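One structure is given here, and the rest of the page talks about it.
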Amino acid sequence: MAPALVLLLHGALLGLCSGDSLFPSRHLVLQSGQEGRVLEDWRQPLSLKLMQEAEDLSLLGSRDLAELEPECRELLTAFANSSMKLTGCLVRSARPVRLCQNCFRQFREINEQLENITRAVGVRNFSDSSKCSSSLLMSDRLQIVLILSTFFNDTWEKANCANCLKNNSEGLSNNTVMFLALFNASLTCFEHNLQAQEDSNYTQVCKNCSVTYKNLNALYKRMQESKQEHDAEEQSHLCIDVEDAMNITRKLWSRTFNCSVPFSDTVSVVAVSSFILFLPVIFYLSSFLHSKQKKRILILPKRIQSSASLVNIQEKCH
């Protein structure tokens, strides 16, 4: 072994025995409670450690990546609470559909919260609210606040809830209140007569609830015609609550109870059906009589022609 290498190894062993590190720049100070941190710091590459230190410095120097201001966090918390209330109401009212009548207050509240966030956008002298709007709405690519707001608005428009509410969405319109009252009266009538009868042919339901059902159906038709007359085609639908309630009632009336033809109109229905059945007989009978009449008309001109030729011959003889 070369003398220089022997001297180097000897010096290294002496340094280890005395407790010195082989690399002075990475001196390890092992104290109680710090061993894990020092060893972990020792194992990390220098480039990764420098990147983490640079990221920490950027967090301290950038206001966009720092914590939100207290005013902004209050606005965000209020919007989160309103979103949670509206989402829960929409899910709970999904079946049977009661979105518009149960959730219009929560929908109005979340719009107010969004207005509180966006009302100062575009002002030259940036206030705290405009800083909050830029931080909460435009600071990242996802823009979760705007996505949630767009989802709620699209759902509300697809349900046509504005057609069930007053102009300022302060409550249900008069026609909607009247319709829901008739709808509840129809369901109550169905339930009462189902409990009263013993057989399963639903005759009592059809007989005793026909007036209530007719009034409900007539009101629905009037509301539908009025909407189609004043609004465009894409906005002519009634709100989803009214449409779903009418569909449920019609299915019960026609499919479940088999009350498509009211009992009071049985005589007129039988008369119309009998007339339709006798229409072919009347048609063939009239066709037969008309053909015989036509044959008689065709024979008459031949006689007239023969008499006319006889008169011409007599005139030639004279």
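The values are calculated or read from the model by the stated rules, or taken from the named source; none is laboratory data. From a predicted model like this one, the values you see are computed outputs, not experimental measurements. In this analysis, Cβ positions are derived from the backbone assuming ideal geometry, glycine residues included, and neighbour counts consider all displayed protein chains.
Going by the structure shown, is L194 in contact with a Leu (Cβ under 9 Å, 6 or more places away or on another chain) and either part of a helix (DSSP H, G or I) or within 20 Å of N102 (Cβ to Cβ) (or both)?
Against the criterion (in contact with a Leu (Cβ under 9 Å, 6 or more places away or on another chain) and either part of a helix (DSSP H, G or I) or within 20 Å of N102 (Cβ to Cβ) (or both)), L194 does not qualify.
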For residues that are within 25 Å of K85 (Cβ to Cβ) and in contact with a Ser or Thr (Cβ under 8 Å, 6 or more places away or on another chain), scanning just the stretch 122-139, find the one that is modelled with the lowest pLDDT. S133
If I ask for residues that are under 21 Å from A162 (Cα atoms) and free of Cβ contacts under 8 Å to residues at least 12 places away in the same chain, which ones from the stretch 205-221 would you list? K221
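Yes or no, residue by residue, for (1) aliphatic (A, V, I, L, M); (2) surrounded by fewer than 18 Cβ atoms within 10 Å (Cβ to Cβ):
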residue: L146; (1), (2): yes, yes
residue: D154; (1), (2): no, yes
residue: C161; (1), (2): no, no
residue: H192; (1), (2): no, yes
residue: L216; (1), (2): yes, no
residue: Y220; (1), (2): no, no
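Considering only residues that are assigned to a loop (DSSP other than H, G, I, E, B) and touching a residue at least 40 places away in the same chain (Cβ under 8 Å), look in the stretch 145-167 and name the one that is nearest to the chain's Cα centre (by Cα).
Our first condition is that a residue be assigned to a loop (DSSP other than H, G, I, E, B); within the stretch 145-167, this holds for 159-160, 166-167.
The next check asks that each one be touching a residue at least 40 places away in the same chain (Cβ under 8 Å); those that pass are 159-160.
On the way: A159: 5, N160: 9 Å.
It comes out as A159.
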Of everything in the stretch 197-213, what is assigned to a helix (DSSP H, G or I) and farther than 17 Å from D244 by Cα? Give them in sequence order. T203, Q204, V205, C206, K207, N208, S210, V211, T212
Within the stretch 237-257, which residues are farther than 19 Å from A218 by Cβ, in contact with a helix residue (DSSP H, G or I) (Cβ under 8 Å, 6 or more places away or on another chain) and hydroxyl-bearing (S, T, Y)? none
Quick one: in the stretch 226-236, of everything that is in contact with a helix residue (DSSP H, G or I) (Cβ under 9 Å, 6 or more places away or on another chain) and surrounded by fewer than 17 Cβ atoms within 10 Å (Cβ to Cβ), which residue is modelled with the highest pLDDT? S226
Conditions first: (1) touching a residue at least 40 places away in the same chain (Cβ under 8 Å); (2) under 28 Å from T176 (Cα atoms). I117 passes all but one, so which condition is the exception? (2)
Of all residues in the stretch 65-97, how many are crowded, with 18+ Cβ neighbours inside 10 Å and under 23 Å from the mean Cα position of the chain (by Cα)? 7
Does the stretch 202-213 include one or more residues that are of a type outside the set (V, I, T), at pLDDT 95 or above and within 30 Å of R92 (Cβ to Cβ)? yes
